[in-house]
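Quick notes on the structure that follows.
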Amino acid sequence: SLLFVDPTRVMVSPFSMDVTVGESIVLPCQVSHDHSLDIMFTWSFNGHLIDFEKDGDHFERVGGQDSAGDLMIRSIQLKHAGKYVCMVQTSVDKLSAAADLIVRGPPGPPEAVTIDEITDTTAQLSWRPGADNHSPITMYVVQARTPFSVGWQAVSTVPDIIDGRTFTATVVGLNPWVEYEFRVVAANMIGIGEPSRPSEKRRTEEALPEVTPANVSGGGGSKSELVITWETVPEELQNGGGFGYVVAFRPFGTVSWMQTVVASPDAARYVFRNESLPPFSPYEVKVGVYNNKGEGSFSPVTVVYSAEEEPTRAPTTVLARSLSASDVEVSWAPPGENQHKGRIQGYEVRCWRHDEKEESAKRIRTVGNQTSTKVSNLRGNALYHLAVRAYNTAGTGPSSAAVNVTTKKPPPSQPPGNIIWNSSDSKIILNWDQVKALDNESEVRGYKVLYRWNRQSSTSVIETNKTSVELSLPFDEDYIIEIKPFSDGGDGSSSEQIRIPKISNAYARGSGSSTSNACTLSAISTIMISLTARSSL
């Protein structure tokens, strides 16, 4: 028996369209067909079947119902331009519909960029246009690269703006005697395209140097020297081979210049030596440049001083006194005003122990007209020698005669022991055992009691020459207390920290020792400190 079926017909076919790179589109393909038949859609692109598994990044079948086999193309690239065919097949018939896709994008790279002519500061370029990718080229931009540039840089051209119908340009503002390569980038309404391949490399021609050395300066050096320094001119600004410097100088206020040639492009200083050169005298100085093409201009004139003479006289009236076991103060008088040559920039104090060599002396430098200083970190009860001399940039002058000083004996090494405290009516009474200094230690002159609230960082200090102290302290607070002896040699060893805990009852009594941890003190809004007599030292 015969079975009659409805013929399959394409109702919505794909249509040709223009799209821009990066867009996404759907090509429709919808049919009417006999629902008793299975239907299959396939798509081809430029004659090849689309593999939706492999090309899933860009191609996807959409539509859903069995009568639609639409094709979605995502994030279209230039390579997706061409002919798309939708093929529909049932068990009894087969038909297809086609559409052309035009993809517009930024231009392709220009071709054959050539340097036709080069001078010291210009280059004449020409090129051929690349693909316009279905959107007319509107302009070209030229870029350059040298061994000194960071990557490719845009350059100035004539004409300033190069339109899409112009395939030559003159690059201007180049540095002489530098190797350049060029590339060209095209743009259209859609965007900026890929750059061309670089041209060949060509060196611009030589020219007179134009850039002068920066920061011309100098001074210092040894006796009978004039030291002149400058910043070198970078290679890309030397404008030619055979580059060097011309150094010119003259005594301040005179007319004729002395000139010398420094033939190295890397040189950054020149030293003029002459026995008759007066010390610390002003000179006018300028530094010029030259290369194979000739001489360029000079830097602005600057004033540089010749080397100084060292100070010729020693400081006088050197005195030293011991401040503690580790510190000594030394003072001196400057050399007489008219008796010495050589500017004084400051003084150098040398300090060495009697059993050390003078060469290994500790050195302390002062600046300006300061005439005393402290020498620290010395050994206790030791004999030291000190000498003073003036200095300037040329060196040091003669030394004063050495003076002797003995540091004080070290402070007592024993901490106060057997500390006992009592609290009564918001007073704390502290007692401790007397510290005995050893024979090689400084005598105890008294005691320092350091106290602070537990939560506070700043410490208060009371000095007493007794072995007890009474504190009237405010607030319900924990207190931290420590005690140490002091002497001419400095502060001695500290006791352990004693914590006296707060109590809430204003009239409670408590007591403790440096080993017990009992109770204490209460709120009173004033601080009263009285020193109670006990055994005298």
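The values are calculated or read from the model by the stated rules, or taken from the named source; none is laboratory data. Since the model is a prediction, treat every value here as computed from it, not as a measurement. A quick note on method: Cβ atoms are made from the backbone with ideal geometry, for glycine too, and the neighbour counts reach across all protein chains shown. Areas reflect the complete protein model, heavy atoms only, side chains present, ligands, DNA and RNA absent. Shrake-Rupley method; radii C 1.70, N 1.55, O 1.52, S 1.80 Å.
Just to be sure I understand, if you calculate semi-axes √(5λ) of the Cα gyration tensor in Å for this structure, which of (i) 52, 28, 24; (ii) 89, 56, 16; (iii) 34, 30, 24 do you get?
(ii)
Would you work out the charge dipole size for the chain about its Cα centre, treating the Cβ of every Lys and Arg as +1 and the Cβ of every Asp and Glu as -1, and quote it to the nearest 20 debye?
Result for the chain is approximately 2960 debye, rounded to the nearest 20.
Given the whole protein assembly as supplied and a 1.4 Å probe, what does the accessible area of V285 come to in Å², nearest 10?
The accessible area comes out at roughly 0 Å².
In region 214-305, how does Rg compare with the Kirkwood Rh, expressed as the Rg/Rh ratio over alpha carbon atoms?
0.98
Once amide H atoms are built 1.01 Å from N in the peptide plane, which residues 5 or more positions from S426, or in another chain, come under 5 Å H to H?
S522
Using the Cβ atoms and a cut-off under 15 Å, what net charge is assigned to the surroundings of D266, where Lys and Arg are +1 and Asp and Glu are -1?
In short, -2.
Which of P110, P234, P412 sits closest to the plus end of the dipole of the chain, meaning its Cα is farthest towards the positive end, when Lys and Arg get +1 and Asp and Glu get -1 on the C-beta?
The one lying farthest along the dipole's positive direction is P412.
Which net charge results when you count Lys and Arg as +1 and Asp and Glu as -1 among the other residues whose beta-carbon is under 11 Å from that of L174?
Neighbourhood net charge equals -2.
Could you look at the chain and say what percent of its accessible area is carbon and sulfur, using a 1.4 Å probe and all protein chains?
49
Please compute the per residue accessible area over the chain with all protein chains in place, 1.4 Å probe, rounded to a whole number of Å².
Result: 52 Å² per residue.
Can you give the % of DSSP beta bridges in the chain that are antiparallel, to the nearest 5?
Bridges in the chain that DSSP calls antiparallel: roughly 95 percent.
For labels at D34 and R128 in the simple 7 Å Cα→Cβ model, what's the distance in nm?
A separation of 5.9 nm, rounded to one decimal place.
Can you give the accessible area of F280 in Å² (nearest 10), computed on protein heavy atoms with a 1.4 Å probe?
Ignoring ligands and nucleic acids, F280 comes out at about 80 Å².
Which of the aspartates and glutamates could a cross-linker span from K293 if the Cα-Cα distance has to be under 14 Å and same-chain partners fewer than 8 positions apart are dropped?
D120, E205, E206, E210
Give me the extension gain from S472 to S281: residue separation times 0.36 nm, minus the current Cα-Cα distance, reported in nm with one decimal.
Stretched out fully, the S472 to S281 stretch lengthens by 61.8 nm.
Just going by the charge dipole of region 417-500, with Lys and Arg at +1 and Asp and Glu at -1 on Cβ, which of N422, S494, V435 is farthest out on the positive end?
Value computed over the given set: N422.
To the nearest 0.05, how large is the calculated FRET efficiency for S494 and T406 if R₀ is 25 Å and r is the Cβ-Cβ distance?
Efficiency for this residue pair is about 0.45.
Dipole magnitude of region 245-312 about its Cα centre, charges +1 at Lys/Arg Cβ and -1 at Asp/Glu Cβ only, in debye to the nearest 20?
Rounded to the nearest 20 debye, it is 340 debye.
Can you give the FRET efficiency to the nearest 0.05 for I25 and R197, using r as the Cβ-Cβ distance and R₀ = 25 Å?
0.15
Straight distance only, please: which lysines reach the Cα of K83 with their own Cα at less than 24 Å, same-chain residues fewer than 8 apart left out?
By straight Cα distance, K83 reaches K54, K94.
If you place +1 on the Cβ of every Lys and Arg and -1 on the Cβ of every Asp and Glu, how big does the dipole about the Cα centre of region 304-453 come out, in debye to the nearest 20?
Roughly 220 debye for region 304-453.
Sequence-distant or interchain residues sharing an amide H contact under 5 Å with G218, placed H: which?
For G218, whose amide H was placed from the backbone, the distant partners under 5 Å are T229.
How far apart, in nm, are the 7 Å Cα→Cβ label points at V271 and R365?
The modelled label-to-label distance comes out at 1.8 nm.
Residue separation times 0.36 nm, minus the C-alpha to C-alpha distance between D163 and T317: what's the value?
Roughly 46.8 nm would be gained on extension.
Test of understanding: what is the full-extension gain from A112 to N292, defined as 0.36 nm times their sequence separation minus their Cα-Cα distance?
Length gained, A112 through N292: 61.4 nm.
Å³ per residue of the Cα convex hull, for region 9-104?
89
In nm, to one decimal, how far is the D439 label point from the T232 one, both placed 7 Å along Cα→Cβ?
Placing both labels 7 Å along Cα→Cβ, they lie 6.9 nm apart.
Past 24 Å, Cα to Cα, is the threshold; run K408/K436; K427/K448; K427/K466; K409/K436; K362/K448 against it and keep the listed order.
K362/K448
What does the net charge come to around V103 if you take all other residues with beta carbon closer than 10 Å to its beta carbon, with K and R at +1 and D and E at -1?
0
As a test of reading the structure, rank E275, E117 by solvent-accessible area (1.4 Å probe, protein chains only), most first.
Highest to lowest solvent-accessible surface, that is E275, E117.
Grab the beta carbon distance between T146 and K54, set R0 = 51 Å, and tell me the FRET efficiency rounded to 0.05.
So the FRET efficiency works out to roughly 0.65.
Projecting each Cα onto the charge dipole of region 316-406 (Lys/Arg +1, Asp/Glu -1 at the beta carbon, about the Cα centre), which of A382, T396, G336 comes out farthest on the positive side?
Farthest towards the positive pole: T396.
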